[in-house]
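Okay, structure first, notes after.
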Amino acid sequence: FVTAPNRIPLKHRPTYLSWLQMRCRCFKKKNSRYKYYGARGIRVCDRWKTFDLFFADMGPRPTPKHSVERKNNDGDYTPKNCKWALQKEQTNNTRANLVLTFNGKTQTATQWAEELGIKPHTIIARVRKGWSAARVLTTTVSYRAFRITSGGYTLTMKEWAAKLGINYSTLRTRIREGWSVERALTRWG
């Protein structure tokens with residue numbers, strides 16, 4: 001590469017390392033990350049052939065936890081398509097993410113889970129079952145704390161299962177499948 005590492009001031013060496021790694025994953029076929037970048041056609045713009053111009057556009061790496069992120073995951077490394085980002089932000093910008101759009105807002109399963117207070121694996125499981133995005137993101141039943149009122153009594157599903165001698169998982173499945181409370185609470189369904 002064009003810029004010699006011994007010319008880089010010590011305080012800019014972390015930024016230099018980021019620049020070097022970016023170029024290696026795009027141009028060095030022996031790099032372990034090449035298959036995800038260079039082999040996919042991801043390139044580094046001509047302007048960033050030298051570290052000095054990369055540094056002029058990106059500035060110093062803000063912290064050791066920051067790295068170069070492409071805003072458009074399928075786009076090249078260019079001044080308009082890159083920024084410094086933390087791992088959490090970069091994790092939300094990968095091709096492997098499950099992305100859902102609801103009410104005009106598009107986010108990853110992890111972002112929706114964080115916003116709605118549900119687990120990402122719950123969202124993923126619901127999508128695999130064929131649920132619509134609206135149903136996936138608006139169904140908020142917590143079966144552990146789910147209380148059922150019947151015959152003047154309000155108990156958790158676990159308490160009802162013990163009281164009636166019904167297996168808890170059977171009762172939970174019945175409720176999940178939309179059975180009426182009366183039918184779900186019968187011993188034989």
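The values are calculated or read from the model by the stated rules, or taken from the named source; none is laboratory data. Note that this is a predicted model, so its numbers are computed, not measured. Quick reminder, even Gly has a Cβ in these numbers, built from the backbone with ideal geometry, and neighbours come from all protein chains shown. Surface accessibility is based on the protein's heavy atoms, side chains included, excluding ligands, DNA and RNA. Shrake-Rupley method; radii C 1.70, N 1.55, O 1.52, S 1.80 Å.
Of note:
- For the stretch 110-131, a residue qualifies if it is of a type in the set (S, T, Y) and out of contact with any helix residue (DSSP H, G or I) (no Cβ under 8 Å at 6 or more places or on another chain), but none of them does.
- Residue list for the stretch 69-90, filter: in contact with a Cys (Cβ under 8 Å, 6 or more places away or on another chain) and modelled with pLDDT of 95 or more: D76, Y77, T78, P79
- If you check K35, K11, K30 for being modelled with pLDDT of 90 or more, surrounded by fewer than 18 Cβ atoms within 10 Å (Cβ to Cβ) and either touching a helix residue (DSSP H, G or I) at 6+ places or on another chain (Cβ under 8 Å) or assigned to a helix (DSSP H, G or I) (or both), only one passes: K35.
- Which numbered condition A109 fails, given (1) modelled with pLDDT under 90; (2) over 30 Å from T139 (Cα atoms); (3) touching a strand residue (DSSP E or B) at 6+ places or on another chain (Cβ under 8 Å): (2)
- Screening the stretch 70-87 for residues that are surrounded by 13 or more Cβ atoms within 10 Å (Cβ to Cβ) and among the charged types (D, E, K, R) and picking the one that is nearest to C24 (Cα to Cα) gives D76.
- Under the condition of being open to solvent by less than 40 Å² (accessible area, probe 1.4 Å) and either among the charged types (D, E, K, R) or over 18 Å from R7 (Cβ atoms) (or both), the residues counted in the stretch 42-58 number 3.
- The residues of the stretch 59-69 that are within 15 Å of L17 (Cβ to Cβ) and either surrounded by 14 or more Cβ atoms within 10 Å (Cβ to Cβ) or in contact with a His (Cβ under 9 Å, 6 or more places away or on another chain) (or both), listed by number, are P60, R61, H66, S67, V68.
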